[in-house]
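J.: Take this structure first; my questions come after.
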Amino acid sequence: MTQSPRKSSAQFVARVALLASLALIFSYIEAIIPYNPGIPGIKLGVANIVTVIALYRYGWKEAACVSVIRIVIAGLLFNGVFGMLYSLAGAVLSLLGMIGLKKTGLFSVTGVSMAAGVLHNLGQLLVAAALIEDLRIFFYFPVLLFSGIAAGIFVGITSQMILRVLR
């Protein structure tokens, strides 16, 4: 027996709301914990664990909704408009990369997450370059490349462990 569209859309909204709330809590925790490795713009991206889990457990629509909702609300509460703009650009690029790499079936959750970390940083640099109208900001990309890989490994391994438990 199939579910009615009303019930499945209600489940979708409830699922996305729950996951977005969890991701927002992780964003808040990350915002209040002093974490400064001495390099500007570097974060672990703990809230991205929820996005990765949403992508692998439910699908790209849930992951996209969770990501956008979390970024907009966190931007309004913690990061400001420019922080929201940077995060949205990074999220769009990283989510597109994750969806594409996941579809190939060639990469593990950690591999997809690593690529997403790098793409997120690239998206943020693209916005920064557009805002300041200076391409020299891309000299900072090697630093963000390694930090994106490191954060992606952390997020990927953590997500993979949680996904194993959820199955």
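J.: Applying the selection to segment 52-81, what residues are surrounded by 18 or more Cβ atoms within 10 Å (Cβ to Cβ) and touching a residue at least 60 places away in the same chain (Cβ under 8 Å)?
T.: Val52, Ile53, Tyr56, listed by residue number.
J.: Let me ask another. So which residues in segment 105-117 are surrounded by fewer than 22 Cβ atoms within 10 Å (Cβ to Cβ) and either at pLDDT 95 or above or in contact with a Gly (Cβ under 7 Å, 6 or more places away or on another chain) (or both), if there are any at all? Talk me through it step by step, then tell me what you get.
T.: Looking only at segment 105-117, we keep the residues that are surrounded by fewer than 22 Cβ atoms within 10 Å (Cβ to Cβ), and these are 105-108, 110-111, 115.
Within segment 105-117, Leu106, Phe107, Ser108, Thr110, Gly111, Ala115 qualify.
J.: I'd like to verify a number: residues in segment 40-51 that are in contact (Cβ under 8 Å) with a residue 24 or more places away in the chain and either in contact with a Lys or Arg (Cβ under 7 Å, 6 or more places away or on another chain) or not in a helix (DSSP H, G or I) (or both), how many? Full working, then the answer.
T.: Taking segment 40-51 as the starting set, the residues that turn out to be in contact (Cβ under 8 Å) with a residue 24 or more places away in the chain are 41-51.
Narrowing further to those that are either in contact with a Lys or Arg (Cβ under 7 Å, 6 or more places away or on another chain) or not in a helix (DSSP H, G or I) (or both): 41-47.
Count: 7.
J.: Identify all residues within segment 93-150 that are in a helix (DSSP H, G or I), among the polar types (S, T, N, Q) and in contact (Cβ under 8 Å) with a residue 24 or more places away in the chain; write none if there are none.
T.: Scanning segment 93-150 gives Ser94, Thr110, Ser113, Asn121, Gln124, Ser147.
J.: Against the definition (modelled with pLDDT of 85 or more, within 16 Å of Ser159 (Cβ to Cβ) and outside any helix (DSSP H, G or I)), how does Val66 come out, yes or no? Lay out the reasoning, then the answer.
T.: Values: modelled with pLDDT of 85 or more: yes; within 16 Å of Ser159 (Cβ to Cβ): yes; outside any helix (DSSP H, G or I): no.
In short, no.
J.: Working only within segment 151-167, note down all residues that are of a type in the set (Val, Ile, Thr) and either farther than 10 Å from Thr110 by Cα or in contact with a Lys or Arg (Cβ under 9 Å, 6 or more places away or on another chain) (or both).
T.: Ile162, Val165, listed by residue number.
J.: Say whether the condition of being modelled with pLDDT of 90 or more and among the aromatic types (Phe, Trp, Tyr) is met by at least one residue in segment 32-53.
T.: Checking segment 32-53: not a single residue is modelled with pLDDT of 90 or more and among the aromatic types (Phe, Trp, Tyr).
The values are calculated or read from the model by the stated rules, or taken from the named source; none is laboratory data. What you are looking at is a predicted structure, and each value in this text was computed from that prediction instead of being measured. We place every Cβ from the backbone using ideal geometry, glycine too, and count neighbours over all the protein chains shown.
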